[in-house]
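Taking it in order: structure first as structure tokens, then the write-up.
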Amino acid sequence: MNILAKKKTSPVKRTAKDKLMYVKKNWQLYLFFLMPALLLTIIFKYLPMGGVLIAFEDYNVIDGILGSEWVGLEYFKRFLSSPDFMEYLMNTLKLSAFGLLWGFPIPIILALLLNRIRREGIRKKIQLLIYAPNFISVIVLCGMVRMFLSPVGPINSLLGIDTNWMTMPSAFRTIYIASGIWQTAGWSSIMYTAALANASKDLEEAAIVDGANIFQQIRYVELPAIKNIIVIQFILQAGNIMSIGFEKAFALQTDMNLPASEILSTYVYRMGLLNGDYGYSTAVGLFNAIINVILLIAVNWVVKKLNDGEGL
Amino acid sequence: METRRKMKLGTSDKVILGIGYTVLGIFVLSILIPLVYILMASFMDPNVLNSRGISLNFKDWTLDAYRRVLENDMIWRGFFNSFFYSAAFTVISVFITLLAAYPMSKKEFVGRKFFNTIFLITMFFGGGMIPTFILINQLHMVNTIWAILLPGAFNVWNMILARTYYQSIPKELREASSIDGANEIQHFFKVMLPVCKPIIAVLALWSFVGMWNSYFDAMIYLNDAELQPLQLVLRSILVQNTPQPGMIADIQSTAEMAKVAELLKYATIVVSSLPLLIMYPFFQKYFDKGIMVGSVKG
């Protein structure tokens, strides 16, 4: 089967008849292998995409998505002119941009330091420890943060004060980003560590024999080995700047820190699922998703340029 | 290698290395101290913890918090639910993903480009929270486990990883088994799955951990207290500050209650996080492998 197909594909373009033959002969590939995934995708991904029509109508359950009254761009006008929305948009952007700025270099530095440790046993133990927080759930992490920072918590008693950090909007971003680094920096370093381990040892040996100091070794041997991964990772994360997750921000929110902690996804949840304002919140979500797509397309374009015409 | 490195180490290099190791040491300590603190605090007598903090005197230690946590039905039910959801999700998700990746790994598969586009679009764009919520409602899946199992069961990124892995397997295997008269389904189960164990392990672990640690879907779709996974029980204890009523019902004074409630949080964290923290070192090598598969790029 396979041999035949191969002979047909490689030299010339297959005709429609060839393709039909292939589908008939390999029906199992379509009905058994692909169908479950395809059905799930259509039902749970594409149907909700159709559901974004709600963003343009006064949705009510009885009339359904197709029967409800159209309101055009009313919701978009409403949130684009609302100062609250602009604040939440800025919160979203700041949270992920600063998160990227602080969080991105640390795994690289960690990997470079780990790579210096020649005693395998010690390195393995350190790695095991710094990966561990990645397996703690968001809820437990946020619970820990709340306990450590509570007015009677260990951090306050260490400093001899009783500040209620969780109620301070000015402290929210620092708390969010620092706890994020605590949880994921170790885990994110795996990729760099793996690339460094695969880097040419001979080159490093040669550099050492030539008397290169540590900075020169890092600059000429180690960084070039992980340069590609650094670039791809940075671009990918930059492309995801608008899709910062719901779960952690929501679990760190208090009524008092909302001015800094309300981001678009939690705003959509509040307006839509708690207040029942489906149309408005869908419009906000759609706006967010569209900016996301634009960012990702831009990012993919950049990757293609850098990656000899191959996108992601 | 080691001796040569030592021989060539100049003074300035020693200083730099010293600074580097110090930084690494600080980072390691910053990870270790909170974890150790929580572990130790969970054994403290509530009054001692409240007034003096951690004490190393064994007279101040107690298992009271663990007794209260482990006697609580909600915690146990949460554990059971979470385990069931994570296991079921892992089986469904990995199976569907592995299946779909198989035809997508074949260069000659007719429609490969088309299906690929269909799948990839969902990685970039989605209907969002509200339309998905309305759909799940209309499908009458609220308060059923399907609401949290099915929508995320097919994972495009995992499919790409599996596809990349399949492509690294020599095509001769398929040719050999088709000479033996095996069709694609037989070939998949008898030949492909056994040689794909590493990638299956990686996908299974990621699916399990992901489901175990998430709470959003359960929060909006499972209102029934009986169905709630561990993370939602934890959320009410740790984030919303409402200890499970049964845990502190026997305590008389309000002040005492508050202290014990605080202590219970530590024990709850330990009890709920320990299973994954103990298990993950055993799967370490698979995670490393998974990262490598991922970095090969699909």
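Readers should treat all values here as calculations from the given coordinates under stated rules, not as data from a laboratory. Owing to the predicted nature of the structure, the values given are computational and were not obtained by experimental measurement. Using ideal geometry, Cβ is built from the backbone for each residue, glycine included, and neighbour counts are taken over all protein chains shown.
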Coordinate range along principal axes, alpha carbons of chain B, Å, largest first: 76, 71, 36
Max mean-square fluctuation residue, GNM over chain B, Cα-Cα springs under 10 Å, options B:Asp180, B:Asp60, B:Asp217: B:Asp180
Karplus (6.51, -1.76, 1.60) ³J(HN,Hα), θ = phi - 60°, over the stretch B:15-20, in Hz, Gly and Pro reported as x: 4, 4, 4, x, 4, x
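Compute and list, largest first, the equivalent-ellipsoid semi-axes of the protein assembly as shown from the alpha carbon gyration tensor, each √(5λ) rounded to a whole angstrom.
Details: eigenvalues 335, 255, 128 Å².
For the protein assembly as shown, the ellipsoid semi-axes come out as 41, 36, 25 Å.
Counting only other chains, and only Cβ atoms inside 10 Å, what mean value do you get across the residues of B:213-220? List each step's numbers first, then the result.
On the way: counts 9, 4, 7, 8, 0, 0, 5, 2.
That average works out to 4.
Taking beta carbons within 10 Å but only from partner chains, what does the mean come to for residues A:125-138? Walk me through the intermediate numbers first.
On the way: counts 1, 5, 2, 3, 5, 6, 6, 8, 5, 5, 12, 7, 15, 8.
The per-residue average across the peptide is 6.
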Highest-fluctuation residue, A:Val52, A:Val138, A:Val152 considered, GNM on chain A with Cα pairs under 10 Å: A:Val152
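Give the average over all directions of the projected area of the C-alpha convex hull of chain A, one decimal, in nm².
Values: hull surface 102.9 nm².
Over every viewing direction, the Cα hull of chain A projects on average to 25.7 nm².
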Sorted by Cβ neighbour density within 10 Å, fewest at the top, the residues B:Ile96, A:Ile218, A:Ile62: A:Ile62, A:Ile218, B:Ile96
Placed amide H near A:Glu57: partners under 5 Å, 5+ positions off or other chain: A:Val71
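For the pairs B:Lys113/B:Lys285; A:Lys19/B:Lys106; A:Lys17/A:Lys45; A:Lys25/B:Lys113, note any where the Cα-Cα span goes beyond 26 Å. Please report the intermediate quantities before stating the final value.
Numbers: B:Lys113/B:Lys285 34 Å; A:Lys19/B:Lys106 14 Å; A:Lys17/A:Lys45 32 Å; A:Lys25/B:Lys113 19 Å.
Long pairs (Cα-Cα over 26 Å): B:Lys113/B:Lys285; A:Lys17/A:Lys45.
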Residue-by-residue Karplus 3J(HN,Hα) for the stretch B:31-41, coefficients 6.51, -1.76, 1.60, Hz, glycine and proline x: 7, 6, 4, x, 5, 5, 4, 4, 4, 6, 4
Percent breakdown of C-alpha pair distances by 5 Å bin, ordered from the shortest bin, for the stretch B:149-298: 2, 7, 13, 13, 12, 12, 10, 8, 6, 6, 4, 3, 2, 1, 1, 0
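Using only the Cα atoms of the stretch A:105-250, what semi-axes does the equivalent ellipsoid have when each is the square root of 5 times a gyration tensor eigenvalue? Give whole Å, largest first.
Numbers: eigenvalues 262, 67, 38 Å².
With the √(5λ) rule applied to the stretch A:105-250, the semi-axes are 36, 18, 14 Å.
Using mean Cβ contacts within 10 Å as the protection proxy, how do B:192-202, A:239-249, B:112-122 order, highest first?
Numbers: B:192-202: 16.8, A:239-249: 18.9, B:112-122: 14.7.
Ranked from most to least packed, the peptides come out as A:239-249, B:192-202, B:112-122.
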Alpha-carbon spread of the stretch A:32-100, three principal axes, descending order, Å: 49, 40, 15
Residues B:His187, B:His140 arranged by fewest to most Cβ contacts within 10 Å: B:His140, B:His187
Equivalent ellipsoid semi-axes, the stretch B:2-60, via Cα gyration tensor eigenvalues times 5, rooted, Å: 42, 11, 9
Chain A: relative contact order in percent, alpha carbon pairs under 8 Å with at least 6 residues between: 24 percent
Packing-based exposure ordering (other Cβ within 10 Å, fewest first) of B:Phe83, B:Phe43: B:Phe83, B:Phe43
Hz values of 3J(HN,Hα) by residue in the stretch A:205-217 - Karplus curve (6.51, -1.76, 1.60), Gly and Pro given as x: 4, 4, 4, 5, 4, 6, x, 5, 7, 4, 4, 5, 4
Residues with amide H under 5 Å from that of B:Met44, placed H, sequence gap 5 or more: B:Thr62
Shielding by other protein chains, A:263-276, mean Cβ within 10 Å: 2
Choice from B:Ser30, B:Ser214, B:Ser93 showing the highest fluctuation, given a GNM over chain B with Cα pairs closer than 10 Å: B:Ser30
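Only helical DSSP H runs with n ≥ 4 go in: add -39500 (n - 2.57) per run for the protein assembly as shown, normalise by residue count and round the 222 nm mean residue ellipticity to 500 deg cm²/dmol. It would help to have the intermediate numbers written out before the result.
Numbers: 34 runs with 414 residues, N = 610.
Calculated at 222 nm, the ellipticity per residue is -21000 deg cm²/dmol.
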